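Please treat every number below as a calculation from the coordinates, not as lab data. None of the values given here were measured: they were computed from a predicted structure. Please note: Cβ atoms are built from the backbone with ideal geometry, for glycine as well, and neighbour counts cover all protein chains shown.
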Amino acid sequence: MTSASMTASAEFRAAGTDLSERRRSGVSRGPLIDLAAAPDTIGVTWGADGAATIGALTSIAAIAADPRIAAAYPGIAASASGLATPQVRHLATLGGNLAQRSRCWYFRDPHIACLKKGGSECPARTGNHLYSVAFDLGPCVAPHPSTMAAALLAHDARIVTSQRPGISIGELLGDGSNGTSDHALAADEMIRSVELSAPLPGERALYKRAISRSHAEWPLAEVCARAVVTSGTFQFIRLTAGGIAPVPLRLAACEAGLQGKPAGAAVIAEAARLARSGASPLPMTGYKLDLLEGVVHDLLERLATP
Ligand SMILES: Cc1cc2nc3c(=O)[nH]c(=O)nc-3n(C[C@H](O)[C@H](O)[C@H](O)COP(=O)(O)OP(=O)(O)OC[C@H]3O[C@@H](n4cnc5c(N)ncnc54)[C@H](O)[C@@H]3O)c2cc1C
């Protein structure tokens, strides 16, 4: 299906693992357009520089199981294998993961108005926001739901759409100040593929999440970490986090505390504390900062260990 042949009010359906729930509840209504795989929208292709391009209709399970992805982008593979359940991963697509809608229970309730459904305020802000943001960057306090978006932010991914030859993952997600949407796609704009930057020589990458139960749940906080550690020094470090803000965040202060520094216990402990920089937790979400610091600390210790 091409964008030219659809109506503006229609909603794409890839595997439907997110959309079907909203259709059942009545949060999503109107016509659907089922996406069919085309050569550029499914599978993984590799550039001469070792950079991967992943089709938007590639399943999360296929990404998790791809040995070349696991070797070149272990943080992407671990993020893919860590989300949802085996059944969901088997069906769910990369494009659907990036464009999935908020998990906020007020948004998912068809009887409650919220900013993302044309309402004038965010009911979670003054209501039960236990699972909401700890970095309050906009009028809506729901954390961005996409695990793959946080991992792709760590890899400077570019998104190829039916209308644009390539936008950064940051442009796709925005800065969190627009509380009315979860992404910057036009209604008839389809994600076709995701281009990753080539991995760095000697790079290692890890992913970890803090979660309220062992699986089948979105994380309370999650982090993708990339590092090049040579001669006991952080030569390169990139940290991105999900579950804590309306968009996945780069932990810039934390990165600055590590770049060029010795990969020792004191540096790591101080850098992990810096993961909290800029946080503005809601009355019920301060606990997420403890989880975030703990996850970052654990990943850094593991990256520093040869
Ligand atoms: C129990 C459970 C736990 C989960 N845990 C996690 C988790 O920890 N982390 C996480 O990230 N996700 C989690 N998920 C969500 C799951 O990953 C998403 O439902 C799935 O990735 C959506 O992919 P899909 O192909 O089914 O998308 P669909 O349901 O088909 O579509 C989702 C949305 O994206 C749009 N869309 C789909 N494809 C495109 C495209 N190519 N271009 C533009 N728009 C498109 C659709 O219009 C729709 O609005 C969980 C789901 C369940 C049921």
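Just need a number here: residues in segment 239-263 that are of a type in the set (Lys, Arg) and either touching a His at 6+ places or on another chain (Cβ under 8 Å) or over 26 Å from Gly176 (Cα atoms) (or both).
Our first condition is that a residue be of a type in the set (Lys, Arg); within segment 239-263, this holds for 250, 261.
Keeping just the survivors that are either touching a His at 6+ places or on another chain (Cβ under 8 Å) or over 26 Å from Gly176 (Cα atoms) (or both) gives 261.
Total meeting the criteria: 1.
In segment 254-272, which residue that is part of a loop (DSSP other than H, G, I, E, B) and of a type in the set (Gly, Ala, Ser) is surrounded by the most Cβ atoms within 10 Å (Cβ to Cβ)? Within segment 254-272, the match that is surrounded by the most Cβ atoms within 10 Å (Cβ to Cβ) is Ala263.
Where strands (runs of 3 or more DSSP E) fall entirely within segment 12-98, those with at least 1 residues that are within 19 Å of Ala187 (Cα to Cα) and within 11 Å of the ligand (Cβ to nearest atom) are at 32-34. Only one of the listed residues (Ala71, Ala84, Ala48) is closer than 29 Å to Leu239 by Cα and in contact (Cβ under 8 Å) with a residue 60 or more places away in the chain. That residue is Ala84. Filtering segment 107-124 to residues that are within 10 Å of Val27 (Cα to Cα) and assigned to a helix (DSSP H, G or I) leaves Phe107, Arg108, Lys117.
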